[in-house]
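Heads up: the structure comes next, in structure tokens.
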Amino acid sequence: MKVYVEGLEVVDPDAGEPDFIRLELDDDLTEEQAVELIKSLMTPPYVIRRHYCYHDEDPKKPCRIEVIEEVR
């Protein structure tokens with residue numbers, strides 16, 4: 001399983017593709033550091049979320065997403 005912290009811009013569906021950042025958590029990057037980095041790079045409104053990715057596991061399972069913070 002891999003764990004990511006993601007920033008996803010909140011946009012009107014007709015406005016095009018939202019900005020998106022995905023950072024993989026590991027020994028060199030904590031969740032707190034990833035959240036602060038996303039906040040320094042994105043302009044509100046956006047959602048910060050935790051993404052548990054199970055695609056590399058056998059058997060494969062669907063990913064699980066949890067909202068960490070909504071920034072308005």
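List of remarks:
- Annotation note: Cβ proximity below 8 Å between a residue of the range 20-48 that is on the phi < 0 side of the Ramachandran plot and a residue that is part of a loop (DSSP other than H, G, I, E, B) and among the β-branched types (Val, Ile, Thr) (sequence gap 6+ or interchain) occurs for PRO45/VAL10; TYR46/VAL10; VAL47/VAL10.
- If only residues of the range 1-19 that are part of a strand (DSSP E or B) and either of a type in the set (Lys, Arg) or free of Cβ contacts under 8 Å to residues at least 60 places away in the same chain (or both) are counted, the one that is nearest to ILE38 (Cα to Cα) is GLY7.
- Boolean, ASP56 is in contact (Cβ under 8 Å) with a residue 12 or more places away in the chain and not in a strand (DSSP E or B): yes
- Checked against the criterion of being of a type outside the set (Gly, Ala, Ser) and surrounded by fewer than 11 Cβ atoms within 10 Å (Cβ to Cβ), the candidates HIS55, HIS51 yield just one match: HIS55.
- Residue in the range 9-23 that is touching a helix residue (DSSP H, G or I) at 6+ places or on another chain (Cβ under 7 Å) and of a type outside the set (A, V, I, L, M, F, W, C) present: no
- The range 16-31, subset surrounded by 11 or more Cβ atoms within 10 Å (Cβ to Cβ), over 10 Å from VAL3 (Cβ atoms) and of a type in the set (D, E, K, R), residue farthest from the chain's Cα centre (by Cα): ASP19
- Breaking point among (1) over 13 Å from GLU9 (Cβ atoms); (2) charged (D, E, K, R); (3) surrounded by fewer than 10 Cβ atoms within 10 Å (Cβ to Cβ), for GLU69: (3)
- Selection within the range 1-15 - among the charged types (D, E, K, R) and loosely packed, with under 13 Cβ neighbours inside 10 Å: ASP12, ASP14
Where a number appears in this text, it was derived from the coordinates with a stated rule and is not lab data. Computed from a predicted model, the values in this text were never measured in an experiment. Reconstructed Cβ throughout: ideal geometry from the backbone, glycine too, with neighbour counts over all protein chains shown.
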